[in-house]
Structures are given as structure tokens and as C-alpha cells.
1. Quick check on the range A:256-274. Is at least one of its residues buried (at least 16 other Cβ atoms within 10 Å of the Cβ) and within 20 Å of residue A:161 (Cα to Cα)?
2. Step by step: first the residues of the range B:109-131, then only those that are open to solvent by 50 Å² or more (accessible area, probe 1.4 Å) and closer than 25 Å to residue A:66 by Cα, then the one that is nearest to the other protein chains (Cβ to nearest Cβ). Which residue is that?
3. From the residues in the range B:289-344 that are surrounded by fewer than 13 Cβ atoms within 10 Å (Cβ to Cβ) and polar (S, T, N, Q), which one is farthest from the other protein chains (Cβ to nearest Cβ)?
4. Considering only residues of the range A:11-21 that are of a type outside the set (D, E, K, R) and more than 12 Å from DNA strand D (Cβ to nearest atom), which is farthest from residue B:137 (Cα to Cα)?
5. Checking residue A:78 against (1) assigned to a helix (DSSP H, G or I); (2) more than 10 Å from DNA strand D (Cβ to nearest atom); (3) over 31 Å from the mean Cα position of the chain (by Cα), which test does it fail?
6. Of the conditions (1) open to solvent by 10 Å² or more (accessible area, probe 1.4 Å); (2) modelled with pLDDT of 95 or more, residue B:95 clears all except one; give me its number.
7. Just to verify a result, which residue in the range A:22-44, among those that are within 11 Å of DNA strand D (Cβ to nearest atom) and in contact (Cβ under 8 Å) with a residue 24 or more places away in the chain, is nearest to residue A:4 (Cα to Cα)?
8. Checking residue B:36 against (1) more than 10 Å from chain A (Cβ to nearest Cβ); (2) in a helix (DSSP H, G or I); (3) near DNA strand C (Cβ under 8 Å from one of its atoms), only one condition comes out false. Which one?
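The values are calculated or read from the model by the stated rules, or taken from the named source; none is laboratory data. The model shown is predicted, which means the values in this text are computed figures rather than measured ones. Cβ: placed from backbone, ideal geometry, glycine included. Neighbour counts: every protein chain shown. All accessible areas refer to the heavy atoms of the entire protein, side chains included, with ligands and DNA or RNA removed. Shrake-Rupley method; radii C 1.70, N 1.55, O 1.52, S 1.80 Å.
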Protein chains: 2
Amino acid sequence: MKKVTILDIAKELDITFSTVARALNDHPAISKNTKELVKAAAERLGYRKNKIASSLRSGKSNIIGVLVPSLDVSFFSSVVHGIESIMNQNGYSVLLYQSQESYKKEDKGIETLLNSRVDGVIASIAINREDSGTYEDIINRNIPLAFFDRSLDDLNAPSVTIDDYKGGYMATEHLIKAGYKNIVHITETRNLAIFKERMRGYKDALKAYGLPLNEDLILKGNLSLDFGKECVKNLTSRKIPFDAIFTLEDFTAMGVIQQLKVQHINIPHEVGIIGFANEAFGSLVSPTLSTIDQQTNRMGEEIALQFLKMLKAGDFYKSAPLRIKLDPILIIRESSQGPTWENI
Amino acid sequence: MKKVTILDIAKELDITFSTVARALNDHPAISKNTKELVKAAAERLGYRKNKIASSLRSGKSNIIGVLVPSLDVSFFSSVVHGIESIMNQNGYSVLLYQSQESYKKEDKGIETLLNSRVDGVIASIAINREDSGTYEDIINRNIPLAFFDRSLDDLNAPSVTIDDYKGGYMATEHLIKAGYKNIVHITETRNLAIFKERMRGYKDALKAYGLPLNEDLILKGNLSLDFGKECVKNLTSRKIPFDAIFTLEDFTAMGVIQQLKVQHINIPHEVGIIGFANEAFGSLVSPTLSTIDQQTNRMGEEIALQFLKMLKAGDFYKSAPLRIKLDPILIIRESSQGPTWENI
DNA sequence: GTGAAAGCGCTAACAC
DNA sequence: GTGTTAGCGCTTTCAC
């Protein structure tokens, strides 16, 4: 099939290509009759508008760049799912880039997106990012930028995150109310605001309920199922008393559960557990895992809608950026039903 | 920041813009000295190549379209993860489109990708697609097309799938060898080759081991956790004897497990179970779920590499398309350890 | 209501 | 080794 342009349609109908262009774009000054003729001819010839040419000329690509650490993490793929759905409904396409949790690849990604002349960028930063670096380029070029979940708050860009502080607080408060007293928190060594916030929530909840803050009960490492196991081994071998664990995310919690089972420590009666993120497996494992839901789909949709507003508004960095914090949702399952044996 | 073009660099250095263009593209005929000067100036002025302009002129966008049902399904997000990683390493970007399992949205997606002048399309078809429809447009335009997992074999396009027949056979064979005799298969009503193949494998394995094929033991519905539960209720209420279940995918298997537990039927001694897909939760649930791994990351990488070959080769539809079938991997866990109580 | 013409920022063929 | 020139297929301003 030969590629057909508006010129071919123009020749076919013996009118000029500018009339064709206008007809195809539903320009008001074109008669209904002409429009119909043009559209019929376009269909007949198998015409497809060349978006590249129109982007070059108009300066708008109708593409937005989405930069995430990795689609292999369900949290991100779920948010991207939401973003693409909404963007798609509004006439935008999504150009995807994964940083693989490396700020270097992230910088390369921003460069690629910028070169591709995306109309905007939605991003969630890599775990090892130290400075705002290349992100500033986006702002300097006056291209809309928005963050979700992991944001750079120094930059004047809007963001949609969940309230991690509140999530940490809720999780800890739930354990306290369930009757647990020596609550361990497992967190990350690496420097990411969301994890710090969760820990801050943990600490404040303890304080609010008059429980002592014991630094021995805060364990730091690199999140993973195995790290969860290690933590349990570590605590028990050091004979540190504890009756509940709040982990920074669900996989670590799962490691904790597995190791406790190995050591025949009853969940939830001897040790209560709550994770964070509401991974799919939480409702399927035994005992089912209490957790904090992050409203991933809602986050994707919310950031996309926010972004569309920005695009319409035009002046992206004039006013203070909107920072939306979604409420985390406490999901209580079997793993934190309370130490009912404690009175024995 | 004003947008800077090769013309600005040319003025700055008092040379012509074509020299600048060549220098930036590392053209061999340009002196090392000039190249360095140009690159330094580009850096200094904050130049970014306008990919849109270069795509328009060269006819290559260096973007490939990826069309999948939904990123909310871990199988697809995992494959897309692999595709993007490889493409990215080879200088291509990924334009993402989700069909949401609707062939209408899929058609719209193909149109969008074609309009965006992607250099190729990698797709996995929607579950309700009946004809090859718009996919033919891609081929007619001589744009490389490749499928993964769910393909349209009528079209002359390469594909990477797993050998679903073999997977079905392996799963069934495993149950037989473990000692189960009355093996149920739960499959889909909707018409998708991959599910039919799994069933064909099931049937052939029974035959190969001299077990009778009982149509009562083949249940059809819409895959879901709830459907798994229903199947168990259905079988037990109709008092149909069975001692193992092979489900078309893991979530359905999970429903089966949950319902068997409710009815206090022991797994794996009274009933053995194997799923399909190796979802993340399989190793975390209790009992851990035997399943068939689909090599998702490998599939993504394989299809991407295959695709890059196509792009280099140039003549996309001249020869018979390569259809790569990856071997499924049997993963044996607790849920199918065999009916050791049967001898009691 | 339609036509004419310019130009978006590059690539690449042809000069010298 | 570098300059000249002609588009790629649209959008958009200015005519009439």
C-alpha cells in the first residue's frame, strides 16, 4: 500500500490540500458537504494522518512520557495502567521508560522523553536518586512535570502520593489497639521519603499511645522477603522481646510470616503482623496479611487527571504546586487479630 | 529557556547547520576538531535534537508500539517490562496502549500507533477478538508486527508464545505420575487458542497414560477466583468423584484451594492441584501452589530480540514467519504431592 | 468557504 | 571536510 497524504486526497477530489486538511480537522469554515466528501475519500484511499508531521508543525505531540522504576513491581504497573487509561481517553498516548531504579538510566530517560518532544512527563523517582538533576531540565523547558508516589518535593512540581505518615500511623495504631505492646518496625536503609514517613508515623503512634520508643525494635536493611526472614532470626537469636511487626511493605512481611512459621511462633497470637502496599497475595496467603492499601489505580487516575488540568491551564510553574495526598486504607486481616493468648 | 536548534549552534560557531547536523550524528567525513567544537556548543546552549523533525525527514521514528490487554495483569506487565528493557538498550522507545480486553479499543490502538508512525508493533490480542481485522492494516503497510502469548496465527507474523499444549500435558502428566486418577480440568468458555491448547495437552496426557477421558470432568466458565470456588461446589454437590484439578491459570486454582479448605478436603492428599502461570502468590500461599511457569521475562526479551532482527532484516513478510515456542517449566510445590492417603 | 504559501527542524543527495 | 539545497507532511496565516 502506497502511503497516502492529504495531497492525494486533494488530487482525487480536485481541491487544494489545505481544504482537505481543514476538513479532516473539522474546521468550522468548511462546508458539511466538503467534509463528507473528504472523509469518504480518506477512508477509501486508506489515509492515515501523519502525527509526526502534524506534531512538528503544531509543536504538540499529544504524547506524555511516563517514567517509572520498573513495571515488574505491581505497584507501578498498576499506576501506569491507570495513567494510560485516562490519558488514552483524553487523546494522549503514553511513551514508557523504566529507570530500573537507577538515576543514571533515569537521566537518560528524561533526555529521551525530552528529545521526543513529549507534551509532559509523569514520573516516580529511582530509589538511589540524590539530586533533582535532570528533572530541572524539564521544568526549565516549561514542560509540565508531575510526580506520583516518590516525588522530589524541592521541585515546584505537583504530586500525588499517599499519606505515608498516616499509613505508618494507622498501621501502628491498629497493632496497638489490637493489644500488641512491643512493636517492631522494619524499614529501609536507603534514603527514600516515603519510607521515612512511614517510620515517622510509627514513632508518633507509639508516642500518642504512651508506648516507649525502643530503637532496638527498628531494623534497617534492603527490602525483600529474605530480609524479613533475617529480621525474625535476628530478633529471636538476640532474645529481644516483641509481639508485633510492622514492615515497610508486604514482601518483607511475607518473609517475617514464613520465618515465624518455621520457628513455630503463632501468628497472630504470639506475634501480630501488618505490611504495607496491599499486594495481591495478601488475601491469599495463610494467615491472610493485614496491610495498608495505597489506592494504586486511584493514584494513576488522579495523577492523570491532575496532569490534564495542568496541560489545559498552560502556566505550569507560576503558582504553588498542588500536592495531593491520598488517604491510605487500613486492611485488617488475620495476621493482626491480637494477642488473645496473652492473658493465659 | 529558548528552544535551540542546529541553526543556533551553526551561528554560534559560524559554520553551516549541515555541518552541525553531521557532527552531531558522528558523520565520518567531519573532522574531529569540528565535532568537538559542535558538541561543546550544543552542550553549552542546552541543545536537544528534535526527534520529531528527524523522524519526519528520515521516515523512522525509533518508536515501537506495544499493545497489550492490561498492565494490571502481572503476566503482561512483566512481559512489557522485558520488552521495554531490551528495546531501550537498542535505541528504541515504547509507545504503550492497553486494549482493556476489548477488540474495539484494540482497533483504535492500532490506528493510533499507525498514525504515530511507529516502526513496528508488538501485540498480544484481546480476549474477545474474532477476526484479524485491523491487524492486517499493519501488515499491508509493511510495518513489522509480532505477537506474544496470544497471537493470530492466520496472519503471516512471527510470534513468541509458550508451548501451551506442552504445558497442559506436563501439568496433567505430573498429576498422573503423582498418583492421581480422576483429574478435573477447568478451562475457559471464551475462544482463545492458548486455553484450547492447554486442554488439548490435558486430553493427550490422559490418553498417553491410558486414563479415560471423562467430559464431566471438564468445566468451562470465565476464569476467576470465584469460578474456581464454584467448580468445587459444583463437583462435590453433584457427587462427581475427583482427586485432582488442573486449572487454566493460578487465580482459578486459588479459588479451588480456598473452597476445598472450606469443605475440609485435604490438599494434596484427597485432592491435588496444579495451576498455570506461576503468579507471584503461588510460592507464598499455603499449601504452596504447583504451577506451570511461562517465562514471562524471557518472553519479553525474546520477542524484543526477534523484533530487532526483523527490523534489521527489512523484508518482513517475505518468508514464513518464525514462531518461537518457549518451553513451559513445571514447578512442583506442595499442592500436588500425591494422594499418599489413598492406600489407607 | 476555499486557495496560496510559508515553515516546523531536521536528513541526505549533490556539489566543490 | 564542508556548504547548498530540497524536501518530509502537515498547520496556519493571509488572501479573496
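1. no
2. Going through the qualifying residues, I end up with B:117.
3. So the residue we want is B:343.
4. A:15
5. Unmet condition: (3).
6. Checking residue B:95 against (1) open to solvent by 10 Å² or more (accessible area, probe 1.4 Å); (2) modelled with pLDDT of 95 or more, the one that fails is (1).
7. A:42
8. Result: residue B:36 fails condition (3) only.
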